[in-house]
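Participant: Below are the structure tokens for one structure; questions will follow.
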Amino acid sequence: MIQFTNVVKQYSNGIKAVDNVSLRIEQGEFVYLVGPSGSGKSTLMKLIYREEKANSGKITVGKYILQDMKEKDVPYLRRYVGVVFQDFKLLPKLNVYENVAYALEVTGKSKKDIKKRVNDVLALVDLRHKIHQYPSELSGGEMQRVAIARAMANRPSILIADEPTGNLDPETANDIFRVLEDINLTGTTIIMGTHNDTLVNRYKHRVVRINDGKIIRDDYKGAYNERD
Ligand code: ADP
Ligand code: ADP
């Protein structure tokens, strides 16, 4: 359902961030992307939601063939693929409800449907009680849960999380991994870039290790580091 075939992404400064990557991810998988800073994890994820375009190779995401995709179709891809970031990227002037509803308003849903979906998705991340708060009034873990709710609002098939726990303390990071596990159990594919070896080893899933833009290990048994 996600297929990379010989994908290359070279930035205009000459850096090859993704170097001839082939990778297949099935619907419902949970995949960790690990590797040192600057190894190409974010770029690989950006290619999936078409924040960046590949220079060569083929990328298929669900029914979308990205190298043939027209700009006008990108918003549909963005409903199929939800994204969360290390720095949450919430809109500071909107409250929790509005931050999540915003993702739905552009899709032309009725007010009633939006209200129902916002409430459901905030219940999923256990934050209905904070619905009227503003981002500045929330903890880091709560902000990330709002960001996850927003990313899930349009019922994406795929949720991409680029170091979602990078700014969080260990206990809060553990809570976020558990929220993502719950979402995965409902059938959503999860692709997560992370440096959190402790939690990768605790919540075992497929581990894809990247170095210098290349996949150097792909381990379905799931351990952060190579075992002896
Ligand atoms: P990671 O997520 O593993 O830290 P990135 O995908 O962010 O890796 O970066 C991979 C390489 O591409 C790094 O050398 C980085 O400096 C470079 N890079 C990332 N984004 C850009 C960009 N927009 N322009 C030029 N080089 C970039
Ligand atoms: P991350 O590791 O989470 O990708 P970075 O700090 O590497 O975050 O990148 C932050 C932003 O700067 C990203 O949008 C990335 O594309 C861009 N960027 C990263 N490295 C470079 C670079 N060498 N030249 C230009 N832009 C870059």
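No value in this document is a laboratory result; all are computed from the given coordinates. Predicted model only: the values in this text are computed from it and were never measured. Quick reminder, even Gly has a Cβ in these numbers, built from the backbone with ideal geometry, and neighbours come from all protein chains shown.
Participant: State whether the chain is rounded, prolate or oblate according to the following rule on the C-alpha gyration tensor (a ≥ b ≥ c being the square roots of its eigenvalues): a/c under 1.5 gives rounded; otherwise a/b larger than b/c gives prolate, and the remaining case gives oblate.
Facilitator: Oblate shape, in that a/c is at least 1.5 and b/c is the bigger or equal ratio.
Participant: So if R0 is 22 Å, what FRET efficiency would residue 6 and residue 195 give, r being the distance between their Cβ atoms, rounded to the nearest 0.05?
Facilitator: So the FRET efficiency works out to roughly 0.20.
Participant: Taking the chain as a Gaussian network, Cα atoms linked when under 10 Å apart, which of 59, 216, 114 shows the biggest mean-square fluctuation?
Facilitator: Among 59, 216, 114, the largest GNM mean-square fluctuation belongs to 216.
Participant: Do you know the relative contact order of the chain, to the nearest whole percent, from alpha carbon pairs under 8 angstrom that are 6+ apart?
Facilitator: Relative contact order of the chain: 28 percent.
Participant: Tell me the trypsin sites (Lys or Arg not before Pro) within the range 180-228 that lie in a loop according to DSSP and have at most 12 other beta-carbon atoms within 10 Å.
Facilitator: Within the range 180-228, the qualifying trypsin sites (Lys or Arg not before Pro) (loop, at most 12 other Cβ atoms within 10 Å) are 221, 227.
Participant: Of the residues 201, 184, 99, which exhibits the maximal mean-square fluctuation in a Gaussian network model of the chain defined by a 10 Å Cα contact cut-off?
Facilitator: 201
Participant: Are there any GluC sites (Glu not before Pro) in the range 170-228 that are in a DSSP loop and have at most 13 other Cβ atoms within 10 Å? List them by number.
Facilitator: Answer by residue number: 226.
Participant: Mind checking the range 1-80 for GluC sites (Glu not before Pro) that DSSP puts in a loop (not H, G, I, E or B) and that have at most 15 other Cβ atoms within 10 Å?
Facilitator: For GluC sites (Glu not before Pro) across the range 1-80 that sit outside H, G, I, E and B with at most 15 neighbouring Cβ atoms in 10 Å, the list reads 26, 51.
Participant: On to the next question. Would you please classify the overall shape of the range 157-218 from the alpha carbon gyration tensor, given that a ≥ b ≥ c denote the square roots of the eigenvalues, rounded means a/c under 1.5, and beyond that prolate means a/b larger than b/c while oblate covers the rest?
Facilitator: The shape class here is oblate.
Participant: What does the charge count around residue 21 come to, taking other residues whose C-beta lies under 10 Å from its C-beta (Lys +1, Arg +1, Asp -1, Glu -1)?
Facilitator: Every neighbour counted, the sum reads +1.
Participant: On to the next question. Under a point spin-label approximation (7 Å from Cα along Cα-to-Cβ), what is the residue 126-residue 182 distance to one decimal in nm?
Facilitator: Distance between the two pseudo-spin positions: 0.6 nm.
Participant: Looking at the chain, which longest stretch skips every one of the chymotrypsin sites (Phe, Trp or Tyr not before Pro) that is in a DSSP loop with at most 12 other Cβ atoms within 10 Å, leaving the sites themselves out?
Facilitator: Answer - 12-219.
Participant: Which entries of 72/116; 130/204; 89/221; 9/70; 46/115 have Cα-Cα distances beyond 23 Å here?
Facilitator: As for pairs spanning more than 23 Å Cα to Cα, those are 72/116; 130/204; 89/221; 46/115.
Participant: List the relative contact order of the range 105-228 as a percent without decimals, with contacts defined as Cα pairs under 8 Å and 6+ residues apart.
Facilitator: 18
Participant: Still on this model: Which order do the peptides 103-113, 185-195 take when ranked by the mean count of other beta-carbon atoms within 10 Å per residue, highest first?
Facilitator: So the peptides 103-113, 185-195, ranked by packing, come out 185-195, 103-113.
Participant: Continuing with this model, one more query. Listed highest first by mean packing, meaning other Cβ atoms within 10 Å per residue, what order do 121-128, 150-157 come in?
Facilitator: 150-157, 121-128
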